[in-house]
Amino acid sequence: MASTRADLADLEAFVAIARAGGFRKAAAIRGVSGSALSHSIRGLENRLGVRLFHRTSRSISLTAAGEVLLAELEPRFLGIQAAIDLLDSFRSGPSGRVRVNTLRDAAQLLIAPRMPSFRRSYPDVEIEISVDDRFIDMVAEGFDAGIRYGGTVPEGMIASRLTPELEWVVVGSPAYLNERGRPERPTDLLKHECIRIRTGTDHVYKWELGNGDCMVALDVPGLLTLGDSELSIRMAEEGCGLFYCLRARVEDKLAAGVLEVVLPDWTSNGPGFHAYYVSHRQVPSALRTFLDHLKAPISDV
């Protein structure tokens, strides 16, 4: 069968569907409809004279013929992308579009301080940042990468550490602590009003205090449960209760005296921010450049 431009486009769509594990996810990545991809694959199968996917109402899987075709095509399409990336050396810098989904804490502490220097250094890279603490299907939503705490990266993804470990502390306003007393041991928190944390997986987070064998995890009490660090910090400032957060998020509040660290001997170190992306996908040069920029110390950017 003589190859045509339409065949090449449909073959690339076939690889995208096989990588994503479904028509809907592949369609979201490519910015087209699922029905359009389905039509392309039906046409490709008719021209090739073989079925490439087993389809049910809930899932798809490759046929034996599809597995053979994918094994042959995937390294070739990756090679094409690698060849295109080599052209970066002939440009003034990388170009393209990068879509990233990130935690709010990472947006504030990691991305915001580095974005101005990135824009100055790489003016041809288009950046779209979605800030959301909820876990989403990054592939289905069409993102190139996500940023989460280490240890929470979804299974099957490649993780790349962006920061060292992060320090977690319990904080409260002086007014609240003067009225309610200052805890002396972790279990004292069970007698206090705590601003509880609802995580991106919709669970209420247990506060982890201390490190190693001395670490304790407490399901603290509280009538206020929030899913946003900024709002929670504001409520702690207003004396609504104690809050557990990254020290870096409240350094300015601590320096100004509007908040103070509770149980300073029980601060905890947790995994730093990690980027993650699909394991079998060639990392575009623009995304690689953006992630490398995030890893750099502020003094170097």
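The values are calculated or read from the model by the stated rules, or taken from the named source; none is laboratory data. All of these numbers come straight from a predicted model, not from anything done at the bench. Every residue, glycine among them, receives a Cβ derived from its backbone with ideal geometry; neighbour counts consider all protein chains shown. Remember, those area values only see protein heavy atoms, side chains included, never the ligands or the DNA or RNA. Shrake-Rupley method; radii C 1.70, N 1.55, O 1.52, S 1.80 Å.
In table form, for the structure just shown:
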| quantity | calculated |
| --- | --- |
| Filter result (in a helix (DSSP H, G or I) and modelled with pLDDT under 90) within the range 264-287 | Ser285, Ala286 |
| Flag for Val258 being in contact with a Gly (Cβ under 6 Å, 6 or more places away or on another chain) and among the β-branched types (Val, Ile, Thr) | no |
| Test: residue in the range 195-211 that is without any contact (Cβ under 8 Å) to a residue 60 or more places away in the chain and aromatic (Phe, Trp, Tyr) | yes |
| The range 130-152, subset closer than 30 Å to Leu189 by Cβ, assigned to a loop (DSSP other than H, G, I, E, B) and not polar (S, T, N, Q), residue least open to solvent (accessible area, probe 1.4 Å) | Gly150 |
| Output for the range 110-125, where each listed residue is in contact with a strand residue (DSSP E or B) (Cβ under 7 Å, 6 or more places away or on another chain) and either modelled with pLDDT under 95 or open to solvent by 40 Å² or more (accessible area, probe 1.4 Å) (or both) | Val125 |
| Those residues of the range 46-61 which are without any contact (Cβ under 8 Å) to a residue 24 or more places away in the chain and assigned to a loop (DSSP other than H, G, I, E, B), in sequence order | Gly49, Val50, Arg51, Thr56, Ser57, Arg58 |
| Hits in the range 57-78 (condition: modelled with pLDDT under 80 and exposed (fewer than 14 other Cβ atoms within 10 Å of the Cβ)) | Ser57, Arg58, Ser59 |
| Number of positions in the range 153-194 that are touching a residue at least 40 places away in the same chain (Cβ under 8 Å), among the β-branched types (Val, Ile, Thr) and either open to solvent by 50 Å² or more (accessible area, probe 1.4 Å) or in a helix (DSSP H, G or I) (or both) | 1 |
| Where a residue in the range 119-133 is under 13 Å from Ser285 (Cβ atoms) and its partner, wherever it lies, is open to solvent by 60 Å² or more (accessible area, probe 1.4 Å), with Cβ under 8 Å and at least six apart | Asp124/Arg91; Asp124/Ser92; Val125/Arg97 |
| Residue list for the range 218-241, filter: open to solvent by 60 Å² or more (accessible area, probe 1.4 Å) and under 19 Å from Leu166 (Cα atoms) | Glu230 |
| Any pair with Cβ under 9 angstrom, 6 or more apart, that starts in the range 97-114 at a residue that is assigned to a helix (DSSP H, G or I) and ends at one that is basic (Lys, Arg) | Asp105/Arg249; Ala106/Arg148; Gln108/Arg249; Leu109/Arg249 |
